[in-house]
1. With respect to ALA75, is the statement that it is surrounded by fewer than 18 Cβ atoms within 10 Å (Cβ to Cβ), over 14 Å from the mean Cα position of the chain (by Cα), within 17 Å of ILE32 (Cβ to Cβ) and modelled with pLDDT of 95 or more true?
2. Among the residues of the range 37-62, how many are closer than 18 Å to MET104 by Cβ and under 15 Å from the mean Cα position of the chain (by Cα)?
3. Mind counting the residues in the range 48-64 that are over 13 Å from GLY83 (Cα atoms), part of a strand (DSSP E or B) and modelled with pLDDT under 95?
4. If I ask for residues that are open to solvent by 50 Å² or more (accessible area, probe 1.4 Å), assigned to a loop (DSSP other than H, G, I, E, B) and in contact (Cβ under 8 Å) with a residue 12 or more places away in the chain, which ones from the range 27-47 would you list?
Amino acid sequence: MPIPRWITPVNRRVTNRVLGPLAVRMPPLAVIHHVGRRSGIPRATPVMAFRTARGVAIALTYGPDVDWLRNVLAAGRARLVQGGRTTALVDPVLLHGATGARLMPWWVRVALRALRVDDYIELAAAWERPARGGRQSG
């Protein structure tokens, strides 16, 4: 596991609460919205998401054994808010090694290699619309 498990509670209580409001406006930071597979409670998790031809890719910096990923895989969908836009995401695909890494920008690949991150998820974009309070084009 690239990032130690003990950091998870710190991130949930501190880092996610600080980054969450910033993440929706500062790409590549983003917030992935998902629903707890057991609780049914809506959840939001800050991530770094990168656009792909299919939709978006996210490096699994904590490895593939995290709650938000399990929730997204169980539901088969999520929403991503990034740069003031909301994108519905469907059809999650887990990727490993070079297959996932090639979806990341070169500068991210360098950092992920140093952290020994080797797992990724790619999701297809279903539609886009401005986020609440975001500017509308047109």
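1. In short, yes.
2. Number of matching residues: 16.
3. Looking only at that region, the number is 0.
4. Selection gives PRO27, ARG37.
Conditions (1) of a type outside the set (Gly, Ala, Ser); (2) closer than 17 Å to PRO28 by Cα, marked per residue:
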{"residue": "ALA75", "(1), (2)": "no, no"}
{"residue": "ARG79", "(1), (2)": "yes, yes"}
{"residue": "GLN82", "(1), (2)": "yes, yes"}
{"residue": "ARG85", "(1), (2)": "yes, yes"}
{"residue": "ASP91", "(1), (2)": "yes, no"}
{"residue": "PRO105", "(1), (2)": "yes, yes"}
{"residue": "ALA111", "(1), (2)": "no, yes"}
{"residue": "ASP119", "(1), (2)": "yes, no"}
{"residue": "LEU123", "(1), (2)": "yes, yes"}
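The values are calculated or read from the model by the stated rules, or taken from the named source; none is laboratory data. Bear in mind that the values here come from a model prediction, so they are computed numbers and not experimental data. Virtual Cβ from ideal backbone geometry, glycine too; neighbours counted across all protein chains shown. Accessible surface areas use protein heavy atoms only, side chains included; no ligands, DNA or RNA. Shrake-Rupley method; radii C 1.70, N 1.55, O 1.52, S 1.80 Å.
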